[in-house]
Amino acid sequence: MYDTDTYLRCLGLDSASVHRVGPSLDALVMLHKRHMRALPFSSTGSFAVPRRDGAVVEVVDLDLDAAFSPVVVAGGGGACVQLNRLFLRLLRDLGFEAGLLAGTTAEGAEAYGVEIEHMLLFVRAGGHTWLADVGYAGPSFLEPLLLDETGEQVQYGCRYRLEPDDDGLILRRRPRLGRWSTVYRVSPEPRELPEWRPFERAANALLAGPPNRDALGLWSRATDDGQIVLKGLRLLIVRGGIEKARTLTDQEWPAVRDRILAPGPPPSTEQERYAP
C-alpha cells in the first residue's frame, strides 16, 4: 500500500525534514536525484512493456498501491509508467503542483508506432516550470531541467537543450567529449492518463505476436555524477560527462545487471566496480 513516509525512507530521506522544507526548488532537485539513484530503471521489472507470460499490460489503470511495494519498497524499480506515476503522487503529496507530460522516444516510436508513448512530468517550483523524469533509462539528466528555457543547461559535465519542434520540444544532450544527440521529443502541454490508451493497446498487441528473440533488456541507475546504462550486453558508464562504453561477455553480464538492480543507491565510488 502506498505511503508517503515509507516512500521517503526508501529514498534515504527523513520524512519530517522533507515536509518541513516544503515544495521548494531545492527539495525538488534533491528528490529527483535521490529517486534516480535509489530506484533503477528496469525493463524486465516493468508492467509497461510486453511480457510473454500472458500478463496484460496496464498503463492507464495501473494500480499504484500494488506497484508501490515491488517498485519502491523492494527497490526493484520499473519503467516510466511506474516510476514517474509514483513520483508524481509523491510530489503532489508534498505540496508540489505537478502533472503528466507525453514524450516519444525513437525506440518507442519504432516498437509501438504511436505518438504518445513515454510518460514524464512537469513540476512548478521556484517560480518556474521544470521537466522531471525519473523513469527514462538514459543517459539523461539527473536533476530537473527548466522547461521554458531553450538555451543550454549544464549538469555534471553534460549539456542539455530543449529545441522547439512544431508544437513540441526536442530534448538534446551532449556529453563532455561527444556530439549532440536526441534524447526524446516532449509535448509541453499537460496530458491526461486516457491519452496513453493507444500505447497500451499497441503494447498488448505485441503480446499476441511471436516472441522477439532479439529484444534486449534495458537497465540503468544514476550515480553521484552520472549514470550506468546496460542495454543487452552493451554497458555505458557516464561519469562527470565522460562516457565509456564496452560490450560485456555473456559471463560478465549477469553480475553487472544484478549490481544495477541491487537495492539502495550505490555509493559514489560504486562506478569503479562497473568500469571497463
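The values are calculated or read from the model by the stated rules, or taken from the named source; none is laboratory data. In this text the structure is predicted, and so the values were computed from the model without any measurement. For neighbour counting, all protein chains shown are included, and Cβ atoms are generated from backbone atoms with ideal geometry for every residue, glycine included.
Some observations on this one:
- Residues satisfying the stated conditions in the stretch 126-181, i.e. more than 17 Å from ALA102 (Cβ to Cβ) and either in the same structural domain as THR223 (by TED's automatic domain parsing) or aliphatic (A, V, I, L, M) (or both): ALA137, LEU142, LEU146, VAL154, LEU177
- Count of the stretch 106-125 residues which are in contact (Cβ under 8 Å) with a residue 12 or more places away in the chain and either hydrophobic (A, V, I, L, M, F, W, C) or not assigned by TED's automatic domain parsing to the domain that holds TYR184 (or both): 10
- Residue within the stretch 127-134 that is in a loop (DSSP other than H, G, I, E, B), over 16 Å from the mean Cα position of the chain (by Cα), surrounded by fewer than 17 Cβ atoms within 10 Å (Cβ to Cβ) and at pLDDT 90 or above present: yes
- Being exposed (fewer than 15 other Cβ atoms within 10 Å of the Cβ) and either more than 20 Å from LEU8 (Cα to Cα) or over 14 Å from the mean Cα position of the chain (by Cα) (or both) holds for only one residue in GLY138, GLY103, GLY151, and it is GLY151.
- Here the stretch 176-202 is the region considered, the condition is being of a type outside the set (A, V, I, L, M, F, W, C) and touching a Lys or Arg at 6+ places or on another chain (Cβ under 8 Å), and the residue that is surrounded by the fewest Cβ atoms within 10 Å (Cβ to Cβ) is SER181.
- Of all residues in the stretch 140-178, those satisfying the criterion of being at pLDDT 95 or above and within 15 Å of VAL229 (Cβ to Cβ) are PHE141, LEU142, TYR156, CYS158, ARG173, PRO175.
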